[in-house]
Amino acid sequence: MKTTPFVWTVLLVMILVALIAYAIVKVRRAREEHRARSDERAAAMLLAMHQESAKPRPAAPVQPQSTAPARPIPSRHPAGLKRRPRLLDDRQRLLYLVLRAALTDHVIMTNIRVADLVDTTAASTNANQETRLQRLLHERIDCVVCNGELVPIAAVMVYDQAVATPLDERIKVDALRELGVKFLRFRADNLPKPAEMRGHILS
């Protein structure tokens, strides 16, 4: 009995569909494994930071007072710009790593000014608005979460464990609310795990 071309076509289509399905399953499995590893790293860093914050800090040594006036030490090199050791401090870096592990399909930007989120071409040019924009130039956000089109959807701040609520954040919060950007803040010693953080950002 001869095999008809139709049967061969059906067999080829079935094989092709099976290969595509296998590739999809393999890619999804790889993504899940990558996210699981990222969650483990972030959880380990959170645990390490919590343990570090729980350790008592040694008191600073008392310097003996001197009656002689201190003389400035002359510099061998002319004063100039000095690069920061890192763009983010330890708290901001941990927040960034948690956000990156939680939102692998989003873009995480750091140290963004609130004024950078404002469309200045559409802003009013009256004096009050100019003053407000000038103030927003000094208001920074630790991390900004953007979607795939680089549209900001959430602004996230992290604070030292001793500062539960900042004294004055009204300017920043009001501006972000007006811009339609969700605002979240967390204590450095109580950051959510990646899965919980994703829920906070996307809910």
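Quick notes
- Filtered residue count, the stretch 90-109, keeping only those that are outside any helix (DSSP H, G or I), within 13 Å of Ile141 (Cα to Cα) and open to solvent by 30 Å² or more (accessible area, probe 1.4 Å): 1
- Among the residues of the stretch 112-146, those that are touching a helix residue (DSSP H, G or I) at 6+ places or on another chain (Cβ under 7 Å) and in a helix (DSSP H, G or I) comprise Val114, Ala115, Leu117, Leu133, Arg135, Leu136.
- Extreme residue, nearest to Val173 (Cα to Cα), among residues of the stretch 142-159 that are open to solvent by less than 10 Å² (accessible area, probe 1.4 Å), at pLDDT 95 or above and over 9 Å from the mean Cα position of the chain (by Cα): Ala154
The values are calculated or read from the model by the stated rules, or taken from the named source; none is laboratory data. Everything quoted here is computed from the prediction, not taken from an experiment. Because the Cβ atoms are built from the backbone with ideal geometry, glycine has one as well, and the counts that use them run over all protein chains shown. Heavy atoms of the whole protein, side chains included, go into the accessibility calculation; ligands, DNA and RNA do not. Shrake-Rupley method; radii C 1.70, N 1.55, O 1.52, S 1.80 Å.
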